[in-house]
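Data block below; observations after.
Coordinate-derived values only; no laboratory data. Please read all numbers here as calculations on a predicted model, not as lab measurements. Virtual Cβ from ideal backbone geometry, glycine too; neighbours counted across all protein chains shown.
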Amino acid sequence: MRNRNKVTLQLWVFRMLRRKRFYFSLAFLGFMAYSYEFLKTRMSDEAFIRQLNGNPFGLEATVHHYEKEGRPMRYIEIGYDSLPLIVFIHGAPSSSSFWKGLLQDTQLLRKAKLLAVDRPGYGYSGFGSPEVSVEKQAALIAPILKAKRPLHQTIIVHGSSYGGTVTARLAMDFPDLMDGILLQSSSNKPAAETTYWITYPTSHPFIRWMIPGALRVANAEKLSHATQLKAMADRWERIKSAAIVLHGLDDTLIFPENALFAQARMKNARAVQRIMAPGSGHDLLWTQRGLLIHSLTRLLEQSSTYSKSH
């Protein structure tokens, strides 16, 4: 009797595990189906222009496409060429539409022309096709800065999360193309961040084809972070521009020690300021928007003062 009860219990447990596995698989596939469009996280040229054109200054946004080393690239800009330029580089998974709030900000539009780029693999810059090399990502974005440099005496680059990593690499490899950088919640120190367990199974070839394009690219980048950051570790002294490193003290995705790491290594930067936001995590664009705008304004003022003195 006892053995029969034991067998019955084992069968029940086995059936429950199979049922849970089935429901988990069903929920996972459902999530993929319903989130596919959402996780594209991008806006068409027409929709993006329409949204940005609703500004009180009557400014008209323009979208540009170009190709570099066989990779299609896209960026959008709005504002006057007579003003300084602020370039925004997003994290992952995301696109230039991540910045639409700041691209519409009247305080910034009074002070600068604003430009946001789709990083390789996101938006309309070869969507779904990852480029894990940060060096190559910087080289693909650099033509924008080269084209804009003759038009703007001051160029500031603002990178968020892994966009901050790309921003730092741009400042290392093309130090004369920018006057200031804002590294927001940036991944700077190798292995000083959280990698969620779901990143590993969803990166497996058997499952990867089912994952939305933006998430697929983000996974590929995430698994290469440590290697890419190690390759940058001895290049921080090449940064010459002014820099602000802004990080949330409660950031559990990209740890606060990343800010300390970057600050300590930018020994040849014209000026370095580190700002730690108490009570804030990784979502500074929504929780600390005023601080971001203040930091960008400060970089504009510093660069303007430096240009006049030289």
Ratio Rg/Rh, restricted to the range 204-259 and using Cα atoms, in which Rh is the Kirkwood radius
1.09
Can you work out ³J(HN,Hα) from phi for every residue in the range 216-223, in order, using Karplus 6.51 cos²θ - 1.76 cosθ + 1.60 and θ = phi - 60°, giving whole Hz and x for Gly and Pro?
4, 5, 4, 4, 4, 5, 4, 6
Taking a label point 7 Å from the Cα of D250 along Cα-to-Cβ, the residues of the range 282-301 whose backbone nitrogen sits under 20 Å from it are 282-292
How long is the gain from Y306 to Q51 if the chain were fully straight, where each residue apart is worth 0.36 nm and the alpha carbon distance is subtracted?
88.3 nm
Normalised contact order of the range 41-309, rounded percent, pairs of Cα under 8 Å and 6 or more residues apart:
16
At 0.692 mPa s and 37 °C, Stokes D of the range 185-280 from Kirkwood alpha-carbon radius, µm² per second
222
Please go through the residue pairs K146/K189; K100/K136; K113/K148 and name each one whose alpha carbons sit more than 20 Å apart in this structure.
K146/K189; K100/K136
Using mean Cβ contacts within 10 Å as the protection proxy, how do 272-279, 158-165, 239-246, 107-114 order, highest first?
158-165, 239-246, 107-114, 272-279
With a 10 Å Cβ neighbour count serving as the proxy for reagent exposure, in which order, fewest first, do E77, E60, E221 appear?
E60, E77, E221
Which parts of the range 223-243 would a label at K267 reach, counting a residue when its backbone N lies under 13 Å from a point 7 Å out along Cα-to-Cβ?
234-239
If neighbour count is taken as other Cβ atoms inside 10 Å, put T305, T167, T199 in order from fewest to most.
T305, T199, T167
What is the distance, in nm, between label points placed 7 Å from the Cα along the Cα-to-Cβ direction at R110 and at L291?
2.3
Volume in Å³ per residue [convex hull over Cα atoms, computed for the chain]:
156
Suppose only helical runs count, i.e. DSSP H with n ≥ 4. What mean residue ellipticity at 222 nm does that imply for the chain under -39500 (n - 2.57) per run, divided by all residues and rounded to the nearest 500 deg cm²/dmol?
-13500 deg cm²/dmol
Where does each of L285, L229, L249 land when they are ranked from fewest to most other beta-carbon atoms within 10 angstrom?
L249, L285, L229
DSSP bridge pairs, the chain: antiparallel proportion in percent, nearest 5
30
Karplus-derived HN-Hα couplings along the range 286-297 (A = 6.51, B = -1.76, C = 1.60, θ = phi - 60°), whole Hz, x at Gly and Pro
9, 9, 9, 4, x, 5, 5, 5, 4, 5, 5, 4
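Cα-Cα pairs above 23 Å in the range 134-246: how many percent?
Details: 2186 of 6328 pairs.
It works out to 35 percent of all Cα pairs.
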